[in-house]
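Working notes, beginning with the structure itself.
The values are calculated or read from the model by the stated rules, or taken from the named source; none is laboratory data. Keep in mind it's a predicted model, so treat the numbers as computed, not measured. No Cβ is skipped: glycine too gets one built from the backbone with ideal geometry, and neighbour counts run over all protein chains shown. With ligands, DNA and RNA removed, areas are computed over all heavy atoms of the protein, side chains included. Shrake-Rupley method; radii C 1.70, N 1.55, O 1.52, S 1.80 Å.
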Amino acid sequence: KKVKKLNNNNTSTCLIPVFSLLLLLALIFDINHEKGSTHDWSHITSQIGMFCYSGLDKEQVNTLINDYHIYLTQDGRISMAGVSSKNVEYLASAMHDVTK
């Protein structure tokens, strides 16, 4: 009975971060769309998990790292644990800039 109660508590606390991740992904998509991006960002909103594949190539990734100090893997995966409501606009704007 204690395990079930503990599991129920964990499930409800996990839903908030998952919802937050989906909201942040949607914000990245919306911000880029509002900026007039012609890049296809639809893959951003279809992902669920702690890492998001950005779809950026190696040159674009290196520009994010070197010019914007946004750190991600060379294949374009971003750790969503580092994205918050305070930096999502900066991230989305930088992603838009490197795809122009």
Can you find even one residue in segment 55-77 that is within 18 Å of Asp30 (Cβ to Cβ), touching a strand residue (DSSP E or B) at 6+ places or on another chain (Cβ under 7 Å) and open to solvent by less than 30 Å² (accessible area, probe 1.4 Å)?
-> no
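Please determine whether any residue of segment 35-56 is under 14 Å from Thr99 (Cα atoms) and at pLDDT 90 or above.
yes
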For segment 57-92, what are the residues that are in contact with a helix residue (DSSP H, G or I) (Cβ under 7 Å, 6 or more places away or on another chain), at pLDDT below 90 and of a type in the set (Gly, Ala, Ser)?
-> Ala92
Quickly run through segment 28-54 and pick out the residues that are over 11 Å from the mean Cα position of the chain (by Cα), open to solvent by 50 Å² or more (accessible area, probe 1.4 Å) and among the β-branched types (Val, Ile, Thr).
-> Thr38
Scanning segment 49-100 residue by residue, those under 17 Å from Ser37 (Cβ atoms) and part of a loop (DSSP other than H, G, I, E, B) turn out to be Ser54, Gly55, Leu56, Asp57, Ile70, Gly76, Thr99, Lys100
Residue within segment 11-25 that is in contact with a Phe, Trp or Tyr (Cβ under 6 Å, 6 or more places away or on another chain), small (Gly, Ala, Ser) and either part of a helix (DSSP H, G or I) or modelled with pLDDT of 85 or more (or both) present = no
